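What follows draws every value from the coordinates through simple rules; no lab data is involved. Note that this is a predicted model, so its numbers are computed, not measured. No Cβ is skipped: glycine too gets one built from the backbone with ideal geometry, and neighbour counts run over all protein chains shown.
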């Protein structure tokens, strides 16, 4: 077979690349952001949740927090129009910044204060803080979007109605007897080694500013703490964080009034609630929401 | 400056444009040397003097060895090995965190210098220069040519390790009309595609193999990640080597091919003729054969294999994990050696597939020691592969993405090159164009090349 000349080969190569890029650009222009479902590999549902928040109508209630609040799945709540923007491995301030930077606000923002020793994710804040939501990529990404569509089809978000009976069954079971001592010891060591003072002081200042900004625009913001296991409650990091936060926000009406039976709770690793306990904590928050939303 | 940065693209474009200007044809070598020095010093200019010492020192020993090989060749090799040992293994003997590493200021300064990028590679180039060019008496090459051989930027950081006897004769005037554009484009596009699409995306998943993240993994995900890392390290290093070969072709130089579908090897000895070929060749000619190779009986051969592979492991880094990786490979070579002939006599496609799978499995398992240079972490990861996980909230890995990002490596290995040659010749430019678009659209998060650390 006759060999193709170099200029012809290179021209065809460049043309096919350009056509593919053009096609993807065109698809993006036609279908917009709805095609940009991020199929992430290691950031779990974080980006998916943030994308949904940026794209869908603003909900009534938003939770922001760390991996502790991340465990409180949206489907655990009977309250409709509730979004959990907690970021596993992230700071509550990141979610709060994103919420505060949107043109429209939810009626109620609930802010977890357990973990304020991490700096906010500036890249994430920047990405989701523009009007219109997430930054529109120029090109449609064929592989990731196909996988994202497949994963979303496979694991479509559940509604509370779909899981209500399963949640009831779970609550009726006795608390887990999983032996988490190894994890608790490790977490305790980490919590005792850390001195969260500097970042936490900066975080509470920023939280105060953002709350003022939210409330000036008609929203309401309340703080809440999720329980740790007893050894972790006594840890250096937890104590310092609690002292700083309560010194900054001493007024009781700034705090979400939630009640649960502590002996019923268990922690997978001393820090994060196990599934049954997460349901209990979620439902305790759920119970006070109608009154809070009704009073606004 | 990494190959995947926009700065590197601009750098190559400028160097290429000036290189072929007719008035500058007599200065092509000098221009490439200057460009390579700029490339190396970009970001770490404090390491340029070290590079200069290595090149000038080697050149001096080359001239002396051409007069008296018996004395000066070992001294020259020792000089280069001492450089390598000093920078790579110094912290085996002293505490890196110590505030005062030595009482003497200049020594303290040297001790605090970071590991020079590519030192393992350019030291081997230096040794090859000394060995190859002193085999026969002749006039020494000019200093600029020596500089170019050692620091030619496409191969400076991570090879391929080119023999001096192969490279030096190529130093002649180059003409624009002689450029193998299509071949260069194929290498460069393939290299970037494997790096950006395969390696960088897989890296997002295999980062979970790092300590302490691996403790959160489910047992089956530990297994999956081992094989994904196997694909990743191949795509990463093959990608780098392919880009280097393509870039060198643009400047009229042909570098040796460094990979030849290593994961279809049916024996460990075959694997080492297909993986990092230039390093394997270097070790064979510069260490294994001088040690006696297979010329002194079975036991001595086994000992030589163990020494070469053990040192090969340590060449990658001063750590027990790297040593274990090399020793285990040596052991596998020793175990299979008496079995090779009987195994070859079994003519069965199924049996060959079983052998390929077994070699791939063992090679992949040993990459754990590469991924986790801390030996305790590597052992902990390994033991976790055989015990059920207790983490109630393991990270989620998308298996469909894992398959799609690994697919190019799998296709490359399983579909014969002749199939592409026969049936896809006409579609070839379109395939490469699609790869170019896909690597842009689907590029994973930026990560440095794995072999940069060596």
Could you give the nm distance between label points at residue B:223 and residue A:198, where each point is 7 Å from its Cα heading toward the beta carbon?
4.6
Could you check the spin-label model distance between residue A:213 and residue B:27? Points 7 Å from the Cα along Cα→Cβ, value in nm.
5.5
Counting residues in chain B as N, plug N into 2.2 N^0.38 Å and put the Cα Rg over that result.
1.02
Normalised by the residues of chain A, what does the relative contact order come to in percent, with Cα pairs under 8 Å and at least six apart?
23
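Explain nothing, just the number: relative contact order of chain B, from Cα pairs under 8 Å at least 6 residues apart, as a whole percent.
Details: 548 pairs, mean separation 87.6, N = 454.
So the answer I get is 19 percent.
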What is the Cα centroid distance between region B:192-217 and region A:145-191, reported in whole angstrom?
25
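Given the -39500 (n - 2.57) contribution per DSSP H run of 4+ residues, what per-residue ellipticity at 222 nm results for chain A, rounded to the nearest 500 deg cm²/dmol?
Working: 12 runs with 151 residues, N = 296.
Calculated from helices alone, the mean residue ellipticity at 222 nm is -16000 deg cm²/dmol.
Output the relative contact order of region B:6-177, whole-number percent, from Cα pairs under 8 angstrom with separation of 6+ residues.
Result for region B:6-177 is 31 percent.
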Computed on Cα atoms, Rg of region B:6-177 relative to 2.2 N^0.38 Å comes out at 1.13
Taking region A:162-296, the equivalent ellipsoid from its C-alpha gyration tensor has semi-axes in Å, biggest first, of 28, 25, 10
Quick one: among A:222, A:85, A:19, which has the greatest mean-square fluctuation in a GNM of chain A with alpha-carbon springs under 10 angstrom?
A:19
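For region B:117-261, report the translational diffusion coefficient in µm²/s to the nearest whole number, using Stokes-Einstein at 37 °C, 0.692 mPa s, and a Kirkwood Rh over Cα pairs. Write out the running numbers ahead of the final one.
On the way: Rh = 17.2 Å.
Taking Rh from Cα pairs, D becomes 191 µm²/s.
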How many Cβ atoms of partner chains, on average, are near each residue of A:138-151 if near means within 10 Å of its Cβ?
4
By per-residue mean of other Cβ atoms within 10 Å, what is the highest-first order of A:199-208, B:212-221, A:245-254, B:42-51?
A:199-208, B:212-221, B:42-51, A:245-254
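Can you give the Kirkwood hydrodynamic radius for chain A, in Å, rounded to one decimal and based on Cα pairs?
Numbers: mean 1/r = 0.0471 Å⁻¹.
Every distinct Cα pair counted, the radius reaches 21.2 Å.
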At a Förster radius of 22 Å, what calculated FRET efficiency corresponds to the Cβ-Cβ distance of residue B:14 and residue B:176, to the nearest 0.05?
0.90
Structure-based [θ]222 nm, chain B - -39500 (n - 2.57) summed over DSSP H runs of at least 4, per residue, nearest 500
-20000 deg cm²/dmol
Report, for the protein assembly as shown, the % of DSSP beta bridges that are antiparallel, rounded to 5.
5
Restricting to bridges with both residues inside chain A, how much of the DSSP beta-bridge set is antiparallel, in percent to the nearest 5?
5
May I ask for the distance between the Cα centers of region A:268-292 and region A:56-125, given as a whole number of Å?
15
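Compute the Kirkwood hydrodynamic radius of the protein assembly as shown, taking the inverse of the mean of 1/r over all pairs of distinct Cα atoms, and give it in Å to one decimal.
Working: mean 1/r = 0.0336 Å⁻¹.
In the protein assembly as shown this quantity evaluates to 29.8 Å.
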Please compute the Cα-Cα pair-distance distribution of region A:223-296 with 10 Å bins starting at 0, giving whole percents from short to long.
17, 42, 35, 6
